[in-house]
Amino acid sequence: MNKELFEEEAWNIIKPICRELDELRNEDHIQFLSGLHNEKDGTYKITLRSNHLHFASRGLKDSIGDISYETGRIRIGMRANGIPINIFVELF
């Protein structure tokens with residue numbers, strides 16, 4: 001079962017792997033579009049719109065798995081603070 005994820009929840013999940021998040025949000029470089037939490041398998045799907053990204057795995061519970069690019073879109077599979085996430089980014 002999928003549960004809608006609210007914007008502040010998404011930012012809290014992403015923050016451990018994006019230290020510049022507050023700055024990017026304040027300067028309108030990144031926007032939240034949607035988010036879902038799959039309660040069955042514990043994964044999250046977050047869709048953003050951005051013209052600047054900087055993700056880094058710094059902690060033991062953070063990792064960047066795979067990245068795929070399609071014209072104007074990126075998908076990043078990762079764990080932030082141990083939470084499995086697929087981030088979809090529409091580039092502008």
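Read the figures in this text as sums done on the coordinates, not as results from a lab. No experiment lies behind these values; they were computed from the predicted model shown. FYI the Cβ positions are ideal-geometry reconstructions off the backbone, even for glycines, and counts take in every protein chain you see.
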Has region 55-77 got any residue that is in contact with a Cys (Cβ under 9 Å, 6 or more places away or on another chain) and within 12 Å of Val89 (Cα to Cα)?
-> no
Within region 49-82, which residues are farther than 13 Å from Ile17 by Cβ and in contact (Cβ under 8 Å) with a residue 12 or more places away in the chain?
-> Arg49, Ser50, Asn51, His52, Gly72, Arg73, Ile74, Arg75
Is at least one residue of region 40-59 touching a helix residue (DSSP H, G or I) at 6+ places or on another chain (Cβ under 7 Å) and part of a strand (DSSP E or B)?
-> yes
Is region 60-78 home to any residue that is basic (Lys, Arg), in a loop (DSSP other than H, G, I, E, B) and loosely packed, with under 15 Cβ neighbours inside 10 Å?
-> yes
Filter region 20-50 down to residues that are more than 17 Å from Pro84 (Cα to Cα) and surrounded by 13 or more Cβ atoms within 10 Å (Cβ to Cβ), then give me how many there are.
-> 12
Cβ-Cβ below 8 Å, separation at least six or inter-chain, first residue in region 1-28 and farther than 14 Å from Thr47 by Cβ, second in a loop (DSSP other than H, G, I, E, B) and of a type in the set (Ser, Thr, Tyr): which pairs?
-> Ile17/Ser57
